[in-house]
Amino acid sequence: MENSTEAVLIRPSDKVLIYHLRDVVRTREAEGTGFRLRVPSLQIAMGEKIALIGHSGCGKSTLLDMLAFILQPTESGAFRFRPERSDEPIDIAAYWDKSRQNHLGDLRKKYIGYVMQTGGLVPYLTVRDNISLSRNLLQMTNNDKAVEELAGHLGIRRHLDKYPSALSTGERQRVAIGRALAHRPSIVIADEPTASLDPIAAEKIMNLFIELVDELNITVIVASHAWRHIKKLGLRQLSHRTQRTSDGKLTETVVTG
Amino acid sequence: MAHFSEALRLSGKDYLREWRISGSFIVALAAVLGPMMVLFGLKFGVIGGMVVELVQDPRNREVLSLGNGHYNLQWIEKMGQRPDVAFVVPRTRRIAADIQLSNKGSSRIVNVELVPSGPGDPLLQGIGNTPTGADQIVLSELAAEKLMVKTGDTIDGSISRMFRGKAERQHLDLKIIVVAPAAVFNREGAFVSVELLQAVEDFRDGRKVPSLGWDGTESGGERVYPGFRLYAKTIYDVAGLQKDLTAQGLQVRTRADDIAVVQDMDRNLTLVFWVIAVIGLAGFALSLGASLLANVDRKRRELSVLRLVGFHTGDIVLFPVVQSILTGLVGWLLASGIFFGVSFAINKMFADQLEVGQSVCRLLPEHFIVALVLTITAAVIAAMLGGLSASRIEPSEGLREI
């Protein structure tokens, strides 16, 4: 790990918060009924493994989108991101205020890996090129070796020169995980990464995913509606409750953790 | 820079991977551009050939005075100084402008008409010399054949008159400085200096010519010429000259009308061509633009995935632009290929009716460049809507199936 020397200098009890959110709200108005996600306080420490469990429509995706800087919070008391121990926290709310979308894109490119429910692969790139996409953008070196090693772990080495269309859904998800991890991000966000797979394959790939993240010491946030086997992997669950506001106009989900 | 080159690489890969769609647009472009290039090549070859012929043949620049006028040397010289006049010499009376030539070695005698000439005579351009003095002539091919003489020979010229009741004849040694081909003058004639023509006229009129030792009466007053040989600087000056001279009350004949016909045809066909070209290219640009826009819509998810991994807005806009330019470039290459094939076939078809080196259908290198620039411009304009649409793609669009 790059930060290992610095990690020695910092006492283990010093928790470095990769995400620090306070009073972050996202409201979506719709005909008749609206929806609101409220995060009074959320702190995610570097190296933590977080699970976000809940049925669809409860606001999981809204939270993940905000954490990946692709959805602007309606209000935010504080929204800080600290991808490196050695760096000062970055004020994401300020970036949003100034519409610095490309800056947010640069942060995402360097520090965030994203695994989506299905697809998300570039169809005209081979598996190899898909996995090394972020590495190429970041002008990292030794890409071939890194990609092959990762593909080996994911069991897709023999597919490296195929196009995504030639792969099964499960294999594609493995490639998606590979792409999210290839550039050694600080955090990986996965939105129901195994929801489209059969239970056996889903469990297998989820295990592999968490194993890899553990090995690479990457912080992870996984959204899922299946708690059963997530629990076995030792993830910390964010608590949330959904309620109707007193005036009855809004469905509100409150997340804390 | 990494973004830019990656975006270039990816849009190229996308373009190649969808070679069926890319190929159709390349062929569609070539189907518009190729025939247009052939059409313009034909216009340029045929009309251009006619214009070149017009420009090259000095006879098209001739302004011929009709009837008998009265022009003094001062007027002639003033005409010669005009910027739109290339050459002018005075003509003497036609009735006094002939001479009897005979080859000293044989008994052949030919009567030829004398044409006034001098330095810069457009008719004699490219064949060497122009006659000066009273002892040089440029003989027409027809006359030279009859006399059986060639360049460098000296022949005898003789003129006769009735003077004070008796016939007189004078002889002159004339050196043939060059024989003018039939293309220049297709009658029996000779180009001579104005000086010689004036001497011949004076002799016929019974006046004396001191420079040649011919006796006669004193010459009377200022010389007046009945006409002139005048050539405009370019064919484009002919109409103006004709207008000026007619305004002075002169009767002249020119080929201005023929020139105007070719020029009008050139102008009108150019206009027609551009109308077709603009309609064709605009139609192509519209269809390409619509397809690029549809492409961006179709690939929204893929493009938003790229936004998600950190590509900037500008990088995404590059996709339709790069692919449109690729279509333009390859389509232009294909159209050029079509042009070469078709023009080769057309020129072969007409080969019998053409002189060596002439072609019915041809384009200059700069025409290809112009076609490329126009095509790329149309392609970039076509990509604008797609680019605008691409710039609005949000990274979140790729996350979930809708």
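The values are calculated or read from the model by the stated rules, or taken from the named source; none is laboratory data. None of the values given here were measured: they were computed from a predicted structure. Cβ atoms come from the backbone with ideal geometry, glycine included; neighbour counts cover every protein chain shown. To get the accessible areas, we keep the full protein, side chains included, count just its heavy atoms, and leave off ligands, DNA and RNA. Shrake-Rupley method; radii C 1.70, N 1.55, O 1.52, S 1.80 Å.
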Checklist line | Average other protein chain Cβ within 10 Å of Cβ, residues B:241-252 | finding: 0
Next item on the list: Could you tell me which of the pairs A:K109/A:K204; A:K60/A:K249; B:K150/B:K233; A:K49/A:K98; A:K49/B:K299; B:K43/B:K243 are separated by over 22 angstrom between their Cα atoms in the structure shown?
Entry: A:K109/A:K204; B:K150/B:K233; A:K49/A:K98; A:K49/B:K299; B:K43/B:K243
Next item on the list: Grab the other residues whose beta carbon is less than 13 angstrom from that of B:D237, score K and R as +1, D and E as -1, and report the net.
Entry: +2
Checklist line | Charge dipole magnitude, Cβ of K and R +1, D and E -1 - chain A, Cα centre, debye nearest 20 | finding: 320 debye
Notebook entry, point to check: Which net charge results when you count Lys and Arg as +1 and Asp and Glu as -1 among the other residues whose beta-carbon is under 10 Å from that of A:T126?
Noted result: +1
Notebook entry, point to check: Per residue and in Å³, how big is the convex hull formed by the alpha-carbon atoms of the range B:1-136?
Noted result: 303 Å³
Check: Is it possible to state the helix-based mean residue ellipticity at 222 nm for chain A, with each DSSP H run of 4+ residues giving -39500 (n - 2.57), the sum divided by total residues, to the nearest 500 deg cm²/dmol? What is it?
Finding: -10000 deg cm²/dmol
Checklist line | Phi-based couplings in Hz for the range A:55-62 (Karplus 6.51, -1.76, 1.60; Gly and Pro marked x) | finding: 5, 5, x, 8, x, 4, 5, 4
Next item on the list: Could you tell me the distance between the Cα centroids of the range B:137-169 and the range A:109-180, to the nearest Å?
Entry: 100 Å
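Run the numbers for B:R94 and B:A294: contour at 0.36 nm per residue of separation, minus the present Cα-Cα distance, in nm.
Value of the extension gain: 64.0 nm.
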Item checked: Charge dipole (the range A:4-256, unit charges on Cβ, about Cα centre) - positive-most of A:I210, A:Y124, A:Y111 -> A:I210
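Counting only other chains, what is the mean number of Cβ atoms within 10 angstrom of the Cβ of each residue in peptide A:116-123?
Mean number of neighbouring Cβ atoms from other chains: 6.
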Check: Looking only at Cα atoms, what is the convex hull volume of chain A per residue, in Å³?
Finding: 145 Å³
Item checked: DSSP-defined antiparallel bridges as percent of all bridges, chain A, nearest 5 -> 50 percent
Note to self: Give the average, rounded to an integer, of partner chain Cβ atoms located within 10 angstrom of each Cβ in B:291-302.
What the structure shows: 1
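Cβ neighbours within 10 Å, averaged per peptide: list B:294-304, A:156-166 in order, most packed at the top. Can you show the working numbers first?
Numbers: B:294-304: 19.4, A:156-166: 15.4.
Highest mean packing first, the order is B:294-304, A:156-166.
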Notebook entry, point to check: When N counts the residues of the range B:93-224, how does its alpha-carbon radius of gyration compare numerically with 2.2 N^0.38 Å, as a ratio?
Noted result: 1.04
Checklist line | Accessible area of the protein assembly as shown divided out per residue, in Å², using a probe of 1.4 angstrom | finding: 48 Å²
Next item on the list: Might you work out the accessible area of A:Y114 for me, using a 1.4 Å probe with all protein chains in place, and round it to the nearest 10 Å²?
Entry: 20 Å²
Next item on the list: Quick one: angle between helix A:199-216 and the longest Cα principal axis of chain A, in degrees between 0 and 90, rounded to 10, please.
Entry: 80 degrees
Checklist line | Antiparallel bridges, percent of DSSP beta bridges restricted to the protein assembly as shown (to nearest 5) | finding: 65 percent
Check: Counting Lys and Arg as +1 and Asp and Glu as -1, each charge on the Cβ, what is the dipole of the range A:101-224 about the Cα centre in debye, to the nearest 20?
Finding: 360 debye
Margin query: Suppose accessible area is computed on protein heavy atoms with a 1.4 Å probe; arrange B:L54, B:L42 from highest to lowest.
Written below: B:L42, B:L54
Item checked: Kirkwood Rh and Cα Rg combined as Rg/Rh, the range B:259-337 -> 1.26
Note to self: Considering the Cα positions of chain B, please state its Rg to one decimal place and its Dmax as a whole number of Å.
What the structure shows: 35.1, 122
Note to self: Using only DSSP helix segments of four residues or longer, with each worth -39500 (n - 2.57), what per-residue ellipticity at 222 nm results for chain B after dividing by its residue count and rounding to 500?
What the structure shows: -18000 deg cm²/dmol
Item checked: Choice from B:G152, B:G221, B:G387 showing the highest fluctuation, given a GNM over chain B with Cα pairs closer than 10 Å -> B:G221
Next item on the list: Once you have the Kirkwood Rh of the range B:136-196 from its Cα pairs, apply Stokes-Einstein at 37 °C and 0.692 mPa s and quote D in µm²/s.
Entry: 263 µm²/s
Notebook entry, point to check: If the range A:63-176 were replaced by its equivalent ellipsoid, with semi-axes equal to the square roots of 5 times the Cα gyration tensor eigenvalues, what would those be, largest first, whole Å?
Noted result: 31, 16, 12
Notebook entry, point to check: Got a number for the accessible area of B:E366? Probe 1.4 Å, square angstrom, nearest 10.
Noted result: 100 Å²
Check: Can you give the extra length, in nm with one decimal, that the chain gains between B:T154 and B:E77 once fully stretched, where that is 0.36 nm per residue apart less the Cα-Cα distance?
Finding: 24.5 nm
Checklist line | Most positive-pole-ward Cα, B:N103, B:G41, B:G126, against dipole of the range B:18-135 from beta carbon charges | finding: B:N103
Notebook entry, point to check: Tally Lys/Arg at +1 and Asp/Glu at -1 over every other residue whose Cβ is under 14 Å from the Cβ of B:T132; what's the total?
Noted result: -2
Margin query: If you scale each eigenvalue of the Cα gyration tensor by 5 and take the root, what three semi-axes come out for the protein assembly as shown, rounded to whole angstrom and sorted largest first?
Written below: 98, 24, 21
Next item on the list: Considering the options B:Y236, A:P73, B:L385, tell which one lies farthest towards the positive end of the dipole of the protein assembly as shown, charges being +1 on Lys and Arg and -1 on Asp and Glu at the Cβ, about the Cα centre.
Entry: A:P73
Next item on the list: Round to the nearest 10 and give me the degree value, 0 to 90, for the angle of helix B:365-391's Cα axis relative to the longest principal axis of chain B.
Entry: 20 degrees
Next item on the list: Calculate the dipole size of the protein assembly as shown relative to its Cα centre from +1 charges on Lys and Arg beta carbons and -1 charges on Asp and Glu beta carbons; express the result in debye to the nearest 20.
Entry: 1660 debye
